[in-house]
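Throughout, read-outs are computed from the coordinates displayed, never taken from laboratory work. Because the structure is a prediction, the values reported are computed rather than measured. As a convention, Cβ positions derive from the backbone with ideal geometry for all residues, glycine included, and neighbour counts pool all protein chains shown.
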């Protein structure tokens, strides 16, 4: 019998035993029973008692079988879990070993040289031949030195180093709150008004940022690490710098009131640089903009320092905030009415950069256009979506 059948039989035995007890001790029996029991009644009682004893014996046997069956099932389950755990552990260990092997291979001189040749030619066969898994699709992993160069280049660009990054395919949309009614104290007997909530959505379309440089045939002949260092270091930093310029352009172009598709960037008019200029801008920021920085042209920074020195005391016109330079922001001396010359805001809270294809750069080599000058044109391309995604995360200071 199966476990389910054993349990069904046990239930039937218990029901039959309950019926026997009811027959032996009926609830509606008279309080004073006859002193003499008939022979027929004695025979019926003996038969019920014998049946009850037989059922109890069968019940004990079934209980033992159920216990045995449940123990066998539990052991089988434990053994299966152990097999699965061991299999999973072995698979994880295998993947880790393969990953570590790939990492070690990617850091070898042979792989770095092969990767440099892949960058030049677009043929990754030699890279794949060196890896533990010779896959036929996708992209080959880059050497760790390239990761370090790219990371360093983005960190060197002070503005982009502070921007939150995402790696989602396609154009992403970010929701934000335009306005909302606040919470209320509920007085007894008075109905609470429903919250009034207005939401907006900012879309970050990904675009290509390109930078090209001309290198000599001698530079192209460089092999391995020297070539990768030369190409990646120059182009990655220039692309990061351009990304910062594009983000600044979005902030400068933003309106002072939020719409359903764009966040607000308030602006204040300060015609003369003063010790309190940055403080006035900070006052326009939302409570969520907790870590603001000051962004400006280096020439504007000199104007602030001039004001600080003229005051003859140690107060900081930047209110202790970090200062990041970007020379696409108009200098104070060149700004006209309504043109921003300082931007104050929280880059991590208020801005987002999405890299649909990761932070690695795609290269193209043009050996023909400048061939007569013994130069090769190298074009670097980065696919990135930029946007400002939080209302009142930035404030523009204009003339």
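Observations
- Likely footprinting exposure, 154, 301, 212, fewest C-beta neighbours within 10 Å first: 212, 301, 154
- Remark: the residue 261-residue 107 segment gains 50.9 nm on full extension, using 0.36 nm per residue and subtracting the alpha carbon distance.
- Peptide ranges 63-76, 371-384 listed from the most packed, as the mean C-beta count within 10 angstrom indicates: 371-384, 63-76
- Tensor-based shape of the stretch 321-399 (alpha-carbon gyration tensor, a/c under 1.5 rounded, otherwise prolate or oblate): oblate
- Computed from the Cβ-Cβ distance with R0 of 35 Å, the FRET efficiency linking residue 83 to residue 63 stands at 0.70.
- Projecting label points 7 angstrom from Cα along Cα→Cβ for residue 246 and residue 203 puts them 1.6 nm apart.
- Relative to the current alpha-carbon distance between residue 374 and residue 212, full extension at 0.36 nm per residue lengthens the span by 56.7 nm.
- Placing pseudo-labels 7 Å out from each Cα toward the beta carbon at residue 364 and residue 167 gives an inter-label distance of 2.6 nm.
- For the stretch 257-377, the relative contact order is 26 percent, taking Cα pairs closer than 8 Å that sit 6 or more residues apart in sequence and dividing their mean separation by the residue count.
- Note on 237, 332: ascending count of other Cβ atoms within 10 Å places them as 237, 332, the fewest first.
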